[in-house]
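Below is one structure; the comments refer to it alone.
The values are calculated or read from the model by the stated rules, or taken from the named source; none is laboratory data. Since this is a predicted model, take the numbers as computed values, not measurements. For neighbour counting, all protein chains shown are included, and Cβ atoms are generated from backbone atoms with ideal geometry for every residue, glycine included. Calculation scope for accessible area: heavy atoms of the full protein, side chains included, ligands and nucleic acids excluded. Shrake-Rupley method; radii C 1.70, N 1.55, O 1.52, S 1.80 Å.
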Amino acid sequence: MQEEFEVAIVGAGPAGISAAYTLAGRGIKTIVLERGEYPGSKNISGGVLYGHDLAEIIPDFTQRGCPVERNIVESRLWYLSRDGGYSAAFRDQLFYDRMPPNAFTVGRARFDRWFAEQAGEKGALVVCSTVVTDLLRDGDNRVIGVRTDRIDGDVRARVVLLADGINSALAAKTGFRPEPKPHHVALAVKDVVELPEEMINERFNVETGHGVTIEIIGGITGGMDGIAVIYTNKNSLSLCIGANLSDFMENRVRPYEMLEGFKNHPMVLPLIKGGKSKEYMAHWIAEGGYDAIPRLCGDGYLIAGDSGMLFNALHREGSNMAMTSGRFAAEAIMEALEKGDLSRNGLAGYVSRLQGSYITDDLKKYRRFNTFRLRHHELFTTLPELGGFAAREMLTIDGISKKKKQKAIWKKVKKDISLCRIFRLLWDGIRSVK
Amino acid sequence: MTVKIEDKLFLDRFRVDQEPHIRIADNTMCMEKCEDQPCLYFCPANVYRLEKDRIVVAYEGCLECGSCRIGCPHLNIEWRFPTGGYGISHRFG
Ligand SMILES: Cc1cc2nc3c(=O)[nH]c(=O)nc-3n(C[C@H](O)[C@H](O)[C@H](O)COP(=O)(O)OP(=O)(O)OC[C@H]3O[C@@H](n4cnc5c(N)ncnc54)[C@H](O)[C@@H]3O)c2cc1C
Ligand code: SF4
Ligand code: SF4
């Protein structure tokens, strides 16, 4: 391509589009390159987005046709054993009609496409079906554009924003950030199960337009460090389950068989019964945490979103960090363009913005959380089974005294897991999130 | 409770690139040095299949998660994205 741009952005996900929207809105000549046939065609998430971070970019997004599936009014947590489990839920009327909505579900294929159209209306050029295969550099190793897989495919730009997600084939090739280690990512698979809107309302006890999220851990991931979720869409449910890739490598578990087992769990089956599977997908989740964040800017480039490991695994917040880091990157780029300094120094406003925000604060706070889970596999093996056993014993009415039952439970606890281990678990657990 | 991967992949929309985007660099490595052959299990699309004396790659059904690229303990897999616009296209996402 002969034309030169001020900014080239790799990837039309939430991070890339947020940056493009912000830049184009200020009249800066911006191109976004996306490898999928349309924005969102390669992307998945559980599907929860956060109104606050999106409204910082498009304040009136609900009026502008944002494809919201359901506004989340209730969050459930499940801790499951093989045959049953514990459930806790929180609902608040405050979430019912809040504007902008606090959290809402989307299908990423529709959302990302809509979001990219908004950036397009502001003047950003979004080019799909184009893989960025390399970065162009000058003699001083400054990034000065990108190489694509199109004929005549070099695109020159004064600065490049890498918003190419966690699975970055560019990372390995160019070394701008290291490839993740298998324990830095979770491999997740997802089924979309279609059900009539009314039936979802009834099964989840909500009204039209309102929805529920369920976050699940325990014995459903075959003893691996993992998580599952069920989120409500308008007339479908998103079911995801994933586990750390290093655990997958050791355990010889097939992801789609694990998903099938999850769908047949006695707590899950009644929710999806009669539903029709519509789509099956797989994606990584960025779980490296604070200590795996690479250098986020250099001469002529910046990294935003998942590509920079900006993901809060405990609260499943990634899309919000992607949007806000994309916006911060855009603001720092505008500053740097004004100064005429696109070196690492000139772009450092990006890093200071991140450091002054919830993103760095939260990632720092939970920096030990991933290691905690990897070190305490009993969270996914012994503990949920013991929890299930204890509750089952106490709730089964069979003529045995409660005292005797307590004794039996205690005996089993001591047999299956040492007290020292439980103490260690609590200690490490509190430290990892404090 | 059996699930066939073919039935799951059947739900997806693929535009297959003529040129494979995944290649095993050295199949002897797979058969002689790789005891666990983890790619046969963790791949969510069951792209890797063991035949008599080699591992074959059914790249057409790849979900593009990237796991085999870093999960092969011998880094024996050459992996790139399918050509722009090819591969899987999510309809819901
Ligand atoms: C199963 C699952 C559930 C999740 N649930 C939630 C949730 O409920 N809430 C939440 O906030 N977060 C969730 N996340 C995380 C969230 O999806 C990510 O944090 C978010 O998508 C990151 O946005 P991004 O723009 O950085 O990257 P992505 O959304 O991954 O976008 C990257 C884009 O770059 C493109 N691309 C990559 N390489 C190239 C290249 N070389 N050339 C051209 N284009 C390229 C890709 O096609 C893609 O469109 C979930 C993730 C998964 C996998
Ligand atoms: S894991 Fe790698 S080396 Fe082992 S069988 Fe698979 S491709 Fe071959
Ligand atoms: S990228 Fe994922 S789906 Fe594709 S072959 Fe590798 S492991 Fe399988």
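From the list A:Leu245, A:Leu237, A:Leu195, which residue is under 27 Å from B:Arg13 (Cα atoms) and either surrounded by fewer than 23 Cβ atoms within 10 Å (Cβ to Cβ) or more than 13 Å from chain B (Cβ to nearest Cβ) (or both)?
A:Leu195
Test B:Gly84 against the stated conditions and say whether it is in contact with a Gly (Cβ under 6 Å, 6 or more places away or on another chain), under 28 Å from A:Val126 (Cα atoms) and free of Cβ contacts under 8 Å to residues at least 60 places away in the same chain.
It is false that B:Gly84 is in contact with a Gly (Cβ under 6 Å, 6 or more places away or on another chain), under 28 Å from A:Val126 (Cα atoms) and free of Cβ contacts under 8 Å to residues at least 60 places away in the same chain.
Across segment B:20-59, what is the number of residues that are over 21 Å from A:Lys190 (Cβ atoms), within 11 Å of another protein chain (Cβ to nearest Cβ) and in a loop (DSSP other than H, G, I, E, B)?
4
Any residue at all in segment B:70-92 that's at pLDDT 95 or above, away from every other protein chain (no Cβ under 12 Å) and in contact with a Pro (Cβ under 9 Å, 6 or more places away or on another chain)?
For segment B:70-92, residues at pLDDT 95 or above, away from every other protein chain (no Cβ under 12 Å) and in contact with a Pro (Cβ under 9 Å, 6 or more places away or on another chain): absent.
Among the candidates B:Ile55, B:Ile70, B:Ile77, single out the residue that is within 16 Å of ligand 1 (Cβ to nearest atom) and either out of contact with any Phe, Trp or Tyr (no Cβ under 7 Å at 6 or more places or on another chain) or more than 16 Å from A:Trp284 (Cβ to Cβ) (or both). Explain how you work it out, then say what you get.
Details: B:Ile55 fails: within 16 Å of ligand 1 (Cβ to nearest atom); B:Ile77 fails: within 16 Å of ligand 1 (Cβ to nearest atom).
Just a single option satisfies the conditions, and that option is B:Ile70.
Residue pairs, Cβ under 9 Å, 6 or more apart or interchain, first in segment A:249-278 and away from every other protein chain (no Cβ under 11 Å), second open to solvent by less than 50 Å² (accessible area, probe 1.4 Å) and of a type in the set (Asp, Glu). List them.
Close Cβ pairs satisfying both conditions: A:Ile272/A:Asp191.
Going by the conditions given, is B:Ser89 touching a residue at least 12 places away in the same chain (Cβ under 8 Å) and more than 14 Å from ligand 2 (Cβ to nearest atom)?
Criteria met by B:Ser89.
Among the residues of segment A:185-204, which ones are more than 16 Å from ligand 3 (Cβ to nearest atom) and either touching a residue at least 24 places away in the same chain (Cβ under 8 Å) or of a type in the set (Ser, Thr, Tyr) (or both)?
Listed by number, the residues that qualify are A:Val192, A:Val193, A:Glu194, A:Leu195, A:Pro196, A:Glu197, A:Met199, A:Ile200, A:Arg203, A:Phe204.
With respect to the numbered conditions (1) under 24 Å from the mean Cα position of the chain (by Cα); (2) charged (D, E, K, R); (3) away from every other protein chain (no Cβ under 11 Å), which one is the sole condition not fulfilled by A:Arg113?
Among (1) under 24 Å from the mean Cα position of the chain (by Cα); (2) charged (D, E, K, R); (3) away from every other protein chain (no Cβ under 11 Å), the lone unmet condition for A:Arg113 is (3).
Among the residues of segment A:211-223, is any in a loop (DSSP other than H, G, I, E, B) and not assigned by TED's automatic domain parsing to the domain that holds A:Val10?
To start, the set of residues in segment A:211-223 that are in a loop (DSSP other than H, G, I, E, B) comprises A:222-223.
Pick out the ones that are also not assigned by TED's automatic domain parsing to the domain that holds A:Val10 and you get A:222-223.
The answer is yes; a qualifying residue exists.
Considering only segment B:6-25, how many residues are acidic (Asp, Glu) and surrounded by fewer than 14 Cβ atoms within 10 Å (Cβ to Cβ)?
3
Per-residue answers, yes or no, for (1) under 20 Å from A:Gly107 (Cα atoms); (2) more than 9 Å from ligand 1 (Cβ to nearest atom); (3) open to solvent by less than 10 Å² (accessible area, probe 1.4 Å):
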{"site": "A:Ile272", "(1), (2), (3)": "yes, yes, no"}
{"site": "A:Glu279", "(1), (2), (3)": "yes, yes, yes"}
{"site": "A:Leu296", "(1), (2), (3)": "no, yes, no"}
{"site": "A:Gly300", "(1), (2), (3)": "no, yes, yes"}
{"site": "A:Asp306", "(1), (2), (3)": "yes, no, no"}
{"site": "A:Leu310", "(1), (2), (3)": "no, no, yes"}
{"site": "A:His315", "(1), (2), (3)": "yes, no, no"}
{"site": "A:Arg327", "(1), (2), (3)": "no, yes, no"}
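Identify the residue in segment B:34-75 that is among the aliphatic types (A, V, I, L, M) and near ligand 2 (Cβ under 9 Å from one of its atoms) and, among all such residues, is nearest to B:His90 (Cα to Cα).
B:Val57
Within segment A:135-186, restricting attention to residues that are under 30 Å from A:Phe248 (Cβ atoms) and part of a strand (DSSP E or B), which residue is nearest to the other protein chains (Cβ to nearest Cβ)?
Out of the qualifying residues, it is A:Val185.
When you check A:Glu260 against the structure, is it of a type in the set (Asp, Glu), open to solvent by 10 Å² or more (accessible area, probe 1.4 Å) and over 30 Å from A:Val160 (Cα atoms), yes or no?
Yes, satisfied.
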